[in-house]
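Take a look at the structure set out below.
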Amino acid sequence: HLSSGPHRMSPHADDIPEEHHALVERLRAGDVDALDALLQSYWRGVVPFAARALGDDEAAQDVAQETFIRLWRARADLTGDRFRAYLYRVARNLVTDEVRRRDVRSRWVEHSTAETAYEPLPDQVLITRELNLAIAHAIEALTPRRREAFVLAYLHGLSYKEVADAMGVSTSTVKNQIAAALADLRTALSPSDPNRPA
């Protein structure tokens, strides 16, 4: 941790301006203005970093925003000497997650296209739409905590630990909430469920 006196960076320290070390200390203490100041200083570095990997400016902005959200959540563990390394490690992990999700979506599209290379019949299109609607209704019908845990894990690709951090609960609680959500979804989507949309 930083001392209360003037801080001099060693040759191996994170190469950030000396005044930013004071901002990191303020951030650790919960100063929102310090977060804003650091965001203003590093936003223009994180966005291009993410954009180069994703080839998408809008997605890069989303990554940068989530990076600073996570920075705020982890503020108690930050130090000036490791600030920039941590910042870019978080951004890199978020970029990796997004690339992985894109790969999954791409493979799913290819798989779906290969299976439906023929022109689908009108009733097949209707069945697909009804199924998607049923899934959406089932997710919306979950209790708020189950829905949040399920959406973060299955739709946003967060690990159970990340979901736990995001929700402010234990990992075991997340596991229980997701297990309960999956059970609810199986029940809601079973053909015998009277509440399933017709």
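Observations on the model:
- For the pair residue 176 and residue 143, the difference between a 0.36 nm per residue extended length and the Cα-Cα distance amounts to 10.6 nm.
- Simple spin-label estimate for residue 58 and residue 151 in nanometres, 7 Å along Cα-Cβ: 1.9 nm
- Measuring only protein heavy atoms, the 1.4 Å probe finds residue 79 accessible over about 30 Å².
- One decimal place: the segment residue 133-residue 18 gains 36.0 nm when fully extended, by the rule 0.36 nm per residue minus the C-alpha distance.
- FRET efficiency, residue 96 to residue 43 (Cβ-Cβ, R0 22 Å, nearest 0.05): 0.65
- Area accessible to solvent at residue 32, 1.4 Å probe radius, in Å²: 90 Å²
The values are calculated or read from the model by the stated rules, or taken from the named source; none is laboratory data. Since the model is a prediction, treat every value here as computed from it, not as a measurement. Note that each Cβ is placed from the backbone with ideal geometry, even for glycine, and that neighbours are counted across all protein chains shown. To get the accessible areas, we keep the full protein, side chains included, count just its heavy atoms, and leave off ligands, DNA and RNA. Shrake-Rupley method; radii C 1.70, N 1.55, O 1.52, S 1.80 Å.
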